Amino acid sequence: MTDETAPIASLDASLRLVDQLDHIFSDLGKALAAACASDGRLDEERFDAQQVLSYEFALAAAELQSARDFLKQVSVGAQAENAALAQVFAGKTLPGTVGRMEAIAAELGHSEKINGIRQSPDYLATLESASPAKLAVAGARVCAGGDAFKAIATNDDVDMAREMFVRFARDAVAPLAEEIHRRDLDIPDSLLRQMADMGVFGLSIPEKFGGSAPDSGENTQTMIAVTEALSEASLGAGGSLITRPEILARAILAGGTEDQKADWLPRIASGETLAAISITEPDHGSDAASLKLKASKVEGGWVLNGAKTWCTFAGKADVLMVVARTGSEPGFKGLSILLVEKPRYDGHEFDLEQGGGGRVRGRAIATIGYRGMHSFEMSYEDFFVPDSHVLGEEAGLGRGFYFTMNGMTGGRIQTAARASGVMMAALSESIRYANDRVIFGKPLSQHQLTQSKIATMAARFMASRALAYNVAKRMDAGGGQMEASLAKLFACRSAEYVTREAVQIHGGMGYAEEYAVSRYFVDARVLSIFEGAEETLALRVIARGILGDHLKAAAG
């Protein structure tokens, strides 16, 4: 085998291994579904008894999907550097995936389904593709290329948007990011106006309502490109500003009346109306079915009583998308969405009193990172909301959870893009520092262990990015809901790994606030918590969805 044919042969072996693991994964899914079922349907008690296996199952699903998408992407006309990094990713990731599947198989008494996979030629070839020598070569290439690892070709419109926002983020957002983080400042109004003028808040809103998405579909790839660029400059003061209008706009498009769409969407798209999302409650976290904030019917509308927490951007927002219990039905069926209008407030707390005695108060929660937008604890006391501000009006009562889920799909793929932006920033800083820092007589980037770290970091970033863009294509075609959760799960875990290694490469300076990698590290930690905590996403969305599909297929 020549050096020229080795990468293709190794890629082919890794793709075959993914296919083999897909078949085994499907068989294990059927076995796990049976263990969680009663009378052909998921049984909550049995499902909860298999939480550990279901969690590992979801992680394996995310790893397999990311490996498949990355390997397929580079197998067609990719640069040699990307092909080498795809091999690195497969060689570093898939053995761990096999380990998860072995543990699931052993617990379910189905070890025969995966026995022998570690001795297969394709597994051994994949493992060899991440040998120390190959990791070092791949890492040296990444270090020599500087920011070349960021290059990606999509289509002309997406590439143009990316270039425009890379410049904007570099010139307008990045210079403010460090001060906003260290002093926990509000995002300046001047920056919000610039972003509104550039159309940031209307990326998922159809053109007929003043946004930039096509009227007959979506343009999720553009949203991802813009999010990455802004998040690279600042997670809290850049890319995360897109999340709230993304979720609210999709919820309005899914459940709003025509009058509500015509009223709210143009204002959101233009930035005239800034949005915040208010779902989480102090005692229930990601358990939406148990939400208790009460909306009681009164003449002409509803009054809210109760508490919410982690309502990011609540101070500056003009409207809060509040999920409240309007009915007596338990679980999801009694939930509705109320659009709560309020003035904009600067700072870390606010107190709004209505003429009739209603009141809403907000206090920012001190956090280690993700600063600038502030996440608020909220308290409602007889706060009045008119009937016209119930999403879907009377027909929308009790359907709030389903409208919210439409919004969260967009929020999750957008969060995967935020993770990619943070990883880009951390990798760029790590490459620059490794090339400049001389230790034991040579640049850090010439040490094998550093090269191995850089190669693995770049490979995880590129795999996360490949998955996100492929999911975007599926979403634009009308699918991709499950894959959006997989992308979010994998990218956010990857961002934690990449930023951790970035701090480690910087050594003591990585722990100093004067180096941006310390900010990337604490910012990345929140990504696996919001827009669906990792555990809830893995168990209640991914594992539950896949196992449910297996049971439906078995039932015919």
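Of the strands (runs of 3 or more DSSP E) entirely within segment 336-413, those holding at least 1 residues that are buried (at least 17 other Cβ atoms within 10 Å of the Cβ) and polar (S, T, N, Q) occupy 375-386. If you go through segment 431-475 and keep only what is over 25 Å from Ala130 (Cα atoms) and of a type in the set (Val, Ile, Thr), you end up with Val438, Ile439, Val471. For segment 197-227, a residue qualifies if it is at pLDDT 95 or above and among the polar types (S, T, N, Q), and exactly one does: Thr227.
For segment 266-312, filtering for residues that are closer than 21 Å to Gly396 by Cβ, in a helix (DSSP H, G or I) and either modelled with pLDDT of 95 or more or within 21 Å of the chain's Cα centre (by Cα) (or both) leaves 4. Of everything listed in (1) touching a Phe, Trp or Tyr at 6+ places or on another chain (Cβ under 8 Å); (2) crowded, with 22+ Cβ neighbours inside 10 Å, the single unmet condition for Ser270 is (2). Among the residues making up segment 209-259, those that are among the charged types (D, E, K, R) and either out of contact with any Lys or Arg (no Cβ under 6 Å at 6 or more places or on another chain) or not in a loop (DSSP other than H, G, I, E, B) (or both) are Glu218, Glu228, Glu232, Arg244, Glu246, Arg250, Glu258, Asp259.
Here is a yes/no grid of residues against (1) surrounded by 19 or more Cβ atoms within 10 Å (Cβ to Cβ); (2) hydroxyl-bearing (Ser, Thr, Tyr); (3) within 28 Å of the chain's Cα centre (by Cα):
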| residue | (1), (2), (3) |
| --- | --- |
| Asn115 | no, no, no |
| Val142 | yes, no, yes |
| Thr154 | no, yes, yes |
| Leu185 | no, no, yes |
| Asp197 | no, no, yes |
| Gly202 | yes, no, yes |
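For segment 167-183, a residue qualifies if it is more than 17 Å from Gly372 (Cα to Cα) and surrounded by 19 or more Cβ atoms within 10 Å (Cβ to Cβ), and exactly one does: Phe168.
The set of residues in segment 453-470 that are within 22 Å of Gly411 (Cβ to Cβ) and among the polar types (S, T, N, Q) comprises Ser464, Asn470.
The single condition among (1) modelled with pLDDT of 95 or more; (2) out of contact with any strand residue (DSSP E or B) (no Cβ under 8 Å at 6 or more places or on another chain) that Asp436 does not meet is (2). Is segment 12-25 home to any residue that is surrounded by 14 or more Cβ atoms within 10 Å (Cβ to Cβ), at pLDDT below 95 and over 27 Å from Val498 (Cβ atoms)? Scanning segment 12-25, I find at least one residue that is surrounded by 14 or more Cβ atoms within 10 Å (Cβ to Cβ), at pLDDT below 95 and over 27 Å from Val498 (Cβ atoms), so the answer is yes. I want to confirm something. Restricting to segment 44-68 and keeping residues that are at pLDDT 95 or above and acidic (Asp, Glu), which single residue is surrounded by the fewest Cβ atoms within 10 Å (Cβ to Cβ)? Per the stated criteria, the residue is Glu45.
The values are calculated or read from the model by the stated rules, or taken from the named source; none is laboratory data. Since we're looking at a predicted model, the values are computed, not measured. Don't worry about glycine lacking a Cβ; one is built from the backbone with ideal geometry, like all the others, and counts go over all protein chains shown.
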